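The values are calculated or read from the model by the stated rules, or taken from the named source; none is laboratory data. Bear in mind that the values here come from a model prediction, so they are computed numbers and not experimental data. Cβ placement follows ideal geometry from the backbone for every residue including glycine, while neighbour counts extend to all protein chains displayed. Only protein heavy atoms, including side chains, enter the accessible area calculation; ligands, DNA and RNA are left aside. Shrake-Rupley method; radii C 1.70, N 1.55, O 1.52, S 1.80 Å.
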Amino acid sequence: MPRAFLVVMDSVGIGGAPDADRFFNGTVPDTGANTFGHIAQACAAGRAEEGRSGSLDVPHLAKLGIGGALRLASGMEVNGLAPGSEACFAAATETSKGKDTPSGHWELAGLPVPWEWHFFPDTQPAFPPELTAHVAKMAGTEGILGDRHAPGTAIIEDLGAEHIRTGWPICYTSADSVFQIAAHEEHFGLERLLKLSKDVAPYLHGMKVGRVIARPFVGSPEEGFTRTTNRRDFAIMPPAPVLTNWVQDAGRRVYAVGKIGDIFSMQGIDEVRKGDDRALMGHLGDLVESAKDGSLTFANFVEFDSVYGHRRDVSGYARHLEWFDAEISRLLPRLRPGDMLVITADHGNDPTWVGTDHTRERVPVLVAGDVPGSMGLIGFSDVATLVADHLGVARG
């Protein structure tokens with residue numbers, strides 16, 4: 001039986017979202033944001049020279065059609081990104097009213113989000129008093145720290161010492177529908193942080209906040225603080241079956257690589273493999289060798305977004321794209337006859353844009369292995385149909 005590998009390059013958008021004017025970074029609409037295109041332009045202009053140099057070097061993604069998808073999505077042309085003669089690619093448009101991880105992944109898995117997410121205002125405090133009181137009660141503390149919009153790395157540098165002194169959790173949000181809790185793995189305790197995040201998640205989910213994210217960190221005020229890879233997302237459960245359920249209900253196996261299990265609240269997931277992006281690429285390679293016939297492997301590579309996009313690090317984002325391209329070049333020849341590999345994204349996070357939040361964009365859909373016919377402009381949910389049809393499983 002054929003196998004499918006659905007790989008999400010988290011935040012690698014390609015511009016052109018028709019409703020980008022309705023989404024904002026601060027007061028600036030996302031109109032014109034283009035994550036991949038602007039990175040490629042910055043590289044060509046010599047504005048992404050930290051740890052790399054010259055034009056963006058992604059020959060294998062180019063051969064698969066990322067330049068063609070970029071042109072479809074936004075009309076942008078970039079030299080050196082012409083697709084291969086047999087490339088099968090599309091540009092996908094989202095209908096869900098969000099530019100966040102659950103919205104993008106749920107719709108890629110066949111389920112547009114059927115409600116409006118709750119977002120916290122960019123004020124200080126950002127959270128209603130009853131929420132902060134509930135979190136403090138669950139934490140066993142007199143209060144919380146933070147209570148505002150903030151980048152995760154900045155807020156732990158700002159409040160890490162006070163967190164160690166008081167024992168209060170650091171709580172913050174962003175333009176996404178998210179409530180994040182940062183705590184020191186040793187002084188607060190990793191298991192305590194994970195339990196707190198899990199315990200408060202139902203309250204937040206009742207408000208239609210998409211995710212509660214546990215953000216553990218280590219370090220000291222003297223040497224600085226660093227987030228660890230022990231992050232855990234507690235997401236709202238999808239309200240209807242998605243691609244993972246369809247595959248599992250057909251008696252097939254579903255492997256989750258990265259944060260996929262968290263995003264779907266383990267619905268339709270048989271096995272989870274985690275780690276940083278380099279470890280995840282190793283897991284993906286292992287599954288190309290060992291995944292069962294008829295199975296789905298669903299992977300997310302988050303560091304495009306979490307390490308480079310939110311920090312507006314153009315050079316770092318370019319380096320990660322080049323690393324990913326090199327790794328994919330080693331993976332493609334190992335696909336079995338009949339396998340399908342789909343590379344896509346869930347939203348944008350243009351590192352050349354204002355602010356620090358996601359950007360509303362179309363995303364590439366690049367297909368290798370057993371490819372369908374031409375695709376053109378499609379919807380996010382068409383990706384789920386593509387994979388389900390390849391595997392021969394019915395949509396739920």
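What the table below lists for this structure:
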{"item": "Residues within segment 339-361 that are on the phi < 0 side of the Ramachandran plot and out of contact with any Asp or Glu (no Cβ under 8 Å at 6 or more places or on another chain), tallied", "result": "7"}
{"item": "Residues of segment 319-338 classified as aromatic (Phe, Trp, Tyr) and either open to solvent by 30 Å² or more (accessible area, probe 1.4 Å) or touching a Gly at 6+ places or on another chain (Cβ under 7 Å) (or both), total", "result": "1"}
{"item": "Hits in segment 37-84 - residues which are among the β-branched types (Val, Ile, Thr) and in contact with a Ser or Thr (Cβ under 8 Å, 6 or more places away or on another chain)", "result": "ILE39"}
{"item": "Residue within segment 292-304 that is open to solvent by 10 Å² or more (accessible area, probe 1.4 Å), in a helix (DSSP H, G or I) and free of Cβ contacts under 8 Å to residues at least 60 places away in the same chain present", "result": "no"}
{"item": "Enumeration of residues in segment 38-50 that are surrounded by fewer than 16 Cβ atoms within 10 Å (Cβ to Cβ) and not acidic (Asp, Glu)", "result": "ALA44, ALA45, GLY46, ARG47"}
{"item": "Selection count where residues are open to solvent by 30 Å² or more (accessible area, probe 1.4 Å) and assigned to a loop (DSSP other than H, G, I, E, B), scope segment 121-137", "result": "6"}
{"item": "Qualifying position, being under 20 Å from LEU111 (Cα atoms) and in contact with a helix residue (DSSP H, G or I) (Cβ under 6 Å, 6 or more places away or on another chain), among ILE236, ILE260", "result": "ILE236"}
{"item": "Selection within segment 104-137 - closer than 30 Å to ALA384 by Cα and either of a type in the set (Val, Ile, Thr) or touching a His at 6+ places or on another chain (Cβ under 7 Å) (or both)", "result": "GLY104, VAL113"}
{"item": "Strands (runs of 3 or more DSSP E) enclosed by segment 339-396 - at least 1 residues per element that are open to solvent by 10 Å² or more (accessible area, probe 1.4 Å) and farther than 27 Å from ALA33 by Cβ", "result": "363-369"}
{"item": "LEU61 part of a helix (DSSP H, G or I), open to solvent by 10 Å² or more (accessible area, probe 1.4 Å), among the hydrophobic types (A, V, I, L, M, F, W, C) and on the phi < 0 side of the Ramachandran plot", "result": "no"}
{"item": "Search result, residues across segment 21-37 that are surrounded by fewer than 22 Cβ atoms within 10 Å (Cβ to Cβ) and of a type outside the set (D, E, K, R)", "result": "PHE24, ASN25, GLY26, THR27, VAL28, PRO29, THR31, GLY32"}
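This table checks each residue for (1) open to solvent by 30 Å² or more (accessible area, probe 1.4 Å); (2) of a type in the set (Ser, Thr, Tyr); (3) over 28 Å from VAL393 (Cα atoms); (4) not in a loop (DSSP other than H, G, I, E, B).
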residue: GLY15; (1), (2), (3), (4): no, no, yes, no
residue: PRO18; (1), (2), (3), (4): yes, no, yes, no
residue: ARG52; (1), (2), (3), (4): no, no, yes, no
residue: SER55; (1), (2), (3), (4): yes, yes, yes, no
residue: ARG71; (1), (2), (3), (4): yes, no, yes, yes
residue: ASN79; (1), (2), (3), (4): yes, no, yes, no
residue: SER96; (1), (2), (3), (4): no, yes, no, no
